[in-house]
Every structure is written in structure tokens, then in C-alpha cells.
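Have a look at the structure below before the remarks.
The values are calculated or read from the model by the stated rules, or taken from the named source; none is laboratory data. From a predicted model like this one, the values you see are computed outputs, not experimental measurements. Cβ sites come from the backbone with ideal geometry, for glycine too, and all protein chains shown count toward neighbours.
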């Protein structure tokens, strides 16, 4: 069984698109959807949740605390029934009907610990196809803004990390590693940090090019990088998290064997 965890705050249209994309397009059926409501206030959201509660595949949890991506997801995992956890952003939309089948099939390889997907912008260009590490920008999405036809990469490509916008892992492994880092990485880089901790165990993180979803990036939540223009407090937190990552993972950042400037 797969537990699909989707945190959200309002943006009911986006949430509805994400959920119905799963319910209507997905072939694999042994899954549950756990929606984590992080202080939604809009009446339209409340109405949508009332409708969704009638579906046996959907459970709704309330997380009535300030935004902390790591804590929200760790909280949800404690309620998950599945053997596998899929962390999914509410600003994504499934494309491939067999996306869950393919993600799950990757774990037939016992050395696979984290599986990510190819994420596309609405115009069809690539938003994510794996994460590379380098000192200046820390975490870079490989092939970002490239056309799919121009990308030459293995069907199951190993990387140091993949984005938590669509990331599957074994529940037992996630619990073994203590989940996402709530204290040092409440907002950003928690997904990268988790993948690197998985890597320390000699377990692989891979991205599968045939698994595709649209990712309407930062529609539901503005970019942390751009926060310097509208929320200085939030931006300073982001910088603090960058500093933590550079200190904690200095060797991995400077020696990413998958880093290639031609992918940028």
C-alpha cells in the first residue's frame, strides 16, 4: 500500500486538480490519500474537504501550527497505513496513468531507497529531472527549462537527491532515519537532506524519466529565494537553512559525481 501525503493551505482549485488527477488517472489502486490541512481559512476549501471526506481513499488531518514542511510531513507519516510513502505537492498533477506502478516497481531493487519523477512545467518543458549539488546555488534541478526531446539521460537515473514535490520512499526507512529534519530544515532542503542521509547508508536515490507529472511550481507558495523581496524574516530563515546544509554536507556538495554543467 502507498500512502500519498499532500500538505496544503487553501488554494482549493489547485488541491482539487491534484486530487482528481490521482483519483481519475491512476491505474494502481492500493493507495490512500492523506491531506494535511495547515490552517486553511477559506470557505471554498472547507466545502471541498467536506466533499472529499466521502471518498474512502481520502483522510484529512489538521495541522494547526505555523508552516513547517518537515513537521507537517512527519506528522502525517505517523498516521500513514502504507508500506511506502509518497510525498506530493498540492501544485502537481499526474500525467502518466501508470505513474504509481512504475514508482513502486523501482523498489524491487533493494538498493533503491528514494524514487522521484520527471516534473514538467505547464508548457511541457522540464522543471525537475533530478537534483545536483554545487556550492553557490546548493541544489540545482537538472535539465530545468529544457525541452524533453533534448534530454539524454538513463530511464532510471541515479542522483544525489530528488525533489520532495514528488518523492516516494519506504516508510520503514523514513522512520529509521527520523524523518525530515524539523529543527534545522523546517522550510527548504529537507528533501535533499533526507536523500543524502539515505545515501550515507549506501542506498540509492533515482529519478524515473517515464514517470511524469505537471508541477505548477510555487503557485501555492511563493519561492523562498524571492522571499527577500516580500518577507525578510522568511528569507533569513532560508539563508540559515542554506548555511546548515553547507556545513552538514560540505563534502557531498563539493564532490557530487552527478554534477554536470551541461545539465543546467
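Brief remarks on what is shown
- Within the span defined as segment 41-51, every residue fails to be closer than 18 Å to residue 81 by Cα and in contact (Cβ under 8 Å) with a residue 24 or more places away in the chain.
- Selection status of residue 239, at pLDDT 95 or above and either out of contact with any strand residue (DSSP E or B) (no Cβ under 9 Å at 6 or more places or on another chain) or on the phi < 0 side of the Ramachandran plot (or both): no
- Scanning segment 12-31 for residues being free of Cβ contacts under 8 Å to residues at least 60 places away in the same chain, over 17 Å from the mean Cα position of the chain (by Cα) and either surrounded by 13 or more Cβ atoms within 10 Å (Cβ to Cβ) or within 17 Å of residue 122 (Cα to Cα) (or both) gives a total of 5.
- For segment 159-179, the set of residues classified as outside any loop (DSSP other than H, G, I, E, B) and within 15 Å of residue 201 (Cα to Cα) consists of 159, 161, 169, 170, 172, 173, 174, 175, 176, listed by residue number.
- Listed by position, the strands (runs of 3 or more DSSP E) enclosed by segment 73-139 that each have at least 2 residues that are in contact (Cβ under 8 Å) with a residue 12 or more places away in the chain, in contact with a helix residue (DSSP H, G or I) (Cβ under 7 Å, 6 or more places away or on another chain) and surrounded by 14 or more Cβ atoms within 10 Å (Cβ to Cβ) are 84-88, 92-94, 112-120, 131-134.
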